[in-house]
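These notes concern the structure reproduced below.
Each reported figure results from applying straightforward, stated rules to the coordinates on display, with no laboratory input. The structure presented is a predicted model; accordingly, all values stated were derived computationally and were not measured. Glycine also receives a Cβ, built like all others from the backbone with ideal geometry; neighbour counts cover every protein chain displayed.
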Amino acid sequence: MSTAPETVRDTTAERASRLLMDTYARQPVTLVSGSGVWVRDAEGRELLDMVGGIAVNVLGHAHPALRQALQEQAAHLVHTSNLYFTEPQLELAQRLVDSAFESRVFLCNSGTEATEGAIKLARKWGRRERGGATGIVCMEGAFHGRTLGALAATANRRYQESFRPLPAGFTHVRFNDLEALAAAIDDTTCAVMLEPIEGESGVHPLDPGALQRIRALCDERDVLLILDEVQTGMGRTGAWWAHQHDGVAPDIMTTAKGLGGGVPIGAILAAPRADVFEPGDHGSTFGGGPLACAAGVAVMRTIDDERLLENAVLVGDYLSESLTSLAADGMPVDHVRGRGLMLGVGLTRDIASKVTTAALGRGVIVNAPTPRTLRLVPPLILTRDDADEAVRRLRAAFADVEAG
Ligand SMILES: Cc1ncc(COP(=O)(O)O)c(C=O)c1O
């Protein structure tokens, strides 16, 4: 086999641009392995991963419990279709229900697929129980996924514009504007859908008490409450599900991201009232496959075994304080938003993308969901020492940006 001379061999970026559709703004780094909260790139540099595959790698990288579960399951059954029962699927469903509220589960493969299923459930419920109502009231700044229904629920013109017509029946009100929400619910509404903390818009939490008022409003007006816990779930905020901090439960909940610890999986939970699917209404070839479910079981078990909900609060609060204190040291930090290990650092200027690049140079991975926000959604195994290291590196990155 002949090897191309160095001069004509493609760089990684050139190969990617020739082979992969142009949908992501990638950082110029190729990751090859990981361990705990660290990943290693092709040049052998160690990077502290404060993004965790965007709130996915909750156990970090190459966690022994997840590796073992995947290896054992791969040696037995990887896929069966949903025409048969498998034990991992039932065990995961049991764990999900036990962690959340009285419900039954539909398993799928991603966050957007969970959103689609939730929309279908709500619409079927509206047809049956609310005189044919099919409208869904969503929030500005929300992100529910990229497939057409989820995109219609996601009020971001830039994401939507090229793909119209989108499914009809979605309206949007300002996040945290409960008067506008009350006004938007009418006879055509079957559900209200929102994230307890908006992630993609830059980590914006609901105001204290707002979720309880939204729950009460949905009850008064007899519409379903759908909570998208794709990003806030799986212990990230210090409870299994962010809504549990408020002592209320939704009628429908979606989750994905951290559920498989990096293996693609999503889920919809429906309380008895909203559990209206019948045979033939919905399905997914890969959804709830034994490999992904074994991963989900291992992740949920390890979160319990390693007390990662408590860790998310302890280390999250510590990290939040350390990041806040950067402001006092003259760094361009305005404030820190979020809860547990879901943090948004509000900057004083539109330099988030420059900071992410500088941070990479300093060996820490952070993400910039908006020009003025850094997002940190690291693995839930993060320690205080890791947090110190991340802040040290971030401090150096800020200095690099300030130095121009
Ligand atoms: C809150 C929320 N919902 C849904 C999604 C879509 O998930 P996926 O990318 O797995 O389709 C995301 C992804 O970022 C999300 O943050």
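Each peptide among 32-45, 195-208 gets the average number of other Cβ atoms lying within 10 Å of its residues, and from highest to lowest they stand as 195-208, 32-45. Modelled spin labels at ARG384 and ASP334, positioned 7 Å past Cα toward Cβ, are 3.1 nm from each other. About the centre of its Cα atoms, the range 78-128 shows a dipole size close to 460 debye [charges on the beta carbon of Lys, Arg (+1) and Asp, Glu (-1) only; nearest 20 debye]. Summary of the geometry: the range 208-224 and the range 291-356, compared by the centres of their Cα atoms, lie 28 Å apart. Highest mean first, the peptides 211-222, 258-269 sorted by other C-beta atoms within 10 Å per residue fall in the order 258-269, 211-222.
Compared with the dominant principal axis of the Cα atoms in the chain, helix 64-76 is inclined by about 60°.
Think of each Lys and Arg Cβ as +1 and each Asp and Glu Cβ as -1; about the Cα centre, that makes the dipole of the range 77-305 roughly 520 debye.
Based on the mean of other beta carbon atoms within 10 Å per residue, what is the order of 238-247, 14-23, 118-127, most packed first?
With the highest mean Cβ count within 10 Å placed first, the list reads 118-127, 238-247, 14-23.
With K and R counted +1 and D and E -1, the other residues having a Cβ less than 12 Å from that of THR324 yield a net charge of -3.
For LYS257, LYS354, the sequence from fewest to most other C-beta atoms within 10 Å is LYS354, LYS257. Here's the picture: a label point sits 7 Å out from the Cα of THR11 along the beta-carbon direction, and within the range 25-50 the residues with their amide nitrogen under 18 Å of it are 25-31, 41-45. Between 0 and 90 degrees, the angle of helix 290-305 with respect to the longest Cα principal axis of the chain falls at about 80 degrees.
Rounded to the nearest 10 degrees, the inclination of helix 352-361 to the longest alpha-carbon principal axis of the chain is 50 degrees. Here the relative contact order of the chain, from alpha carbon pairs under 8 Å that lie six or more residues apart, stands at 21 percent.
So what is the relative contact order for the range 77-305, in percent, with contacts set as C-alpha pairs under 8 Å and at least six apart? RCO, the range 77-305: 30 percent.
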